[in-house]
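The values are calculated or read from the model by the stated rules, or taken from the named source; none is laboratory data. Bear in mind the structure is a predicted one, so any value in this text is a computation, not a measurement. Please note: Cβ atoms are built from the backbone with ideal geometry, for glycine as well, and neighbour counts cover all protein chains shown.
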Amino acid sequence: MKKFTTVFILIVLLLAAIGYSQTPVTINPSTTKHGPEKGSLIIIGGGQIPPEIWKKFTELAGGEKKASIVVVTAALGDSAGFNPESVEMIKRETGISNVTLLHTKNLAEANSEKFIHSLKTATGVFFVGGRQWRIADSYLNTMTHQAFFEVLERGGVIAGTSAGATIQGSFLWRGDTSGAHILVGDHTQGLGFLRNSVIDQHLLKRNRMFDLVDVVKSNLQLIGIGLDESTAILVQHDTLEVMGKSYVAIYDYSTIQGNGPKHTVGDKEDFTASNGPFFFLHEGQKYDLGSRAVIKGKTDKKNNR
């Protein structure tokens, strides 16, 4: 009888745990390899965000008068839930008046219908910087996480800077609770808006250029993206475009293994080639994430001078 009672209690506890567990996020089949099939991503490397990036975010969210923005402040820690600074910053930089603060560190709250009310009509989401593991702890595999994806599915935009950039990848980089100096830590799952990717930020400013090499070399399905400060990528479908003042580094397994493009095309130097473990893209350049190739054309402003 005692054994039966123990088993019964364990079953009850298991059922209770299942009832309060996080909801798995549903990822719909997609024709894209890395980027969103619908909507847009703006992934920013930290530092001062240039006006042209804010302008693009505002445009993709529906414009100053029609946009409805949710600002996610989990990366900043507990105090951000009571501080209107992030909301005021978005209003000031974009001219958008409909801006809502979203903050919790409670998974049960993040997994409730009431909490995601503002996301139901949001046209844009912005993740502020801080520590990326805090975002994962607050939202990973919850109804809120699913609601973020639904913003994209409605054609909206998700943007984020610094930690808010890295969290958009599928493999969470610098996600250890003890410090950002630990590259692969106790948190390794990002929110996955950019699938099969690993994202770093503050790249040149903090001398991080070589940090992504080994992880991409040992995980050939991953595309590595390193963003310098005041610089962003706009991702729509599988097309990546660089915006801002500095450079974005691309880490691809083929390039790291020395199978990248040749240095010359005919008798002309090919500025998109590299024999190194990564190569840089600048403002206006585009990259095809599906075929993993630089898109050549009129957008290559600096090289066409």
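Remarks
- Flag for Gly62 being under 21 Å from Gln236 (Cα atoms) and surrounded by fewer than 20 Cβ atoms within 10 Å (Cβ to Cβ): yes
- Scanning the range 123-138 for residues that are more than 12 Å from Val70 (Cβ to Cβ) and not aliphatic (A, V, I, L, M) yields Gly129, Gly130, Arg131, Gln132, Trp133, Arg134, Asp137, Ser138.
- For the range 252-289, filtering for residues that are under 21 Å from the mean Cα position of the chain (by Cα) and either at pLDDT 95 or above or part of a strand (DSSP E or B) (or both) leaves 11.
- Residues in the range 114-134 that are of a type outside the set (Phe, Trp, Tyr) and free of Cβ contacts under 8 Å to residues at least 40 places away in the same chain were compared, and the one that is nearest to Leu234 (Cα to Cα) is Lys120.
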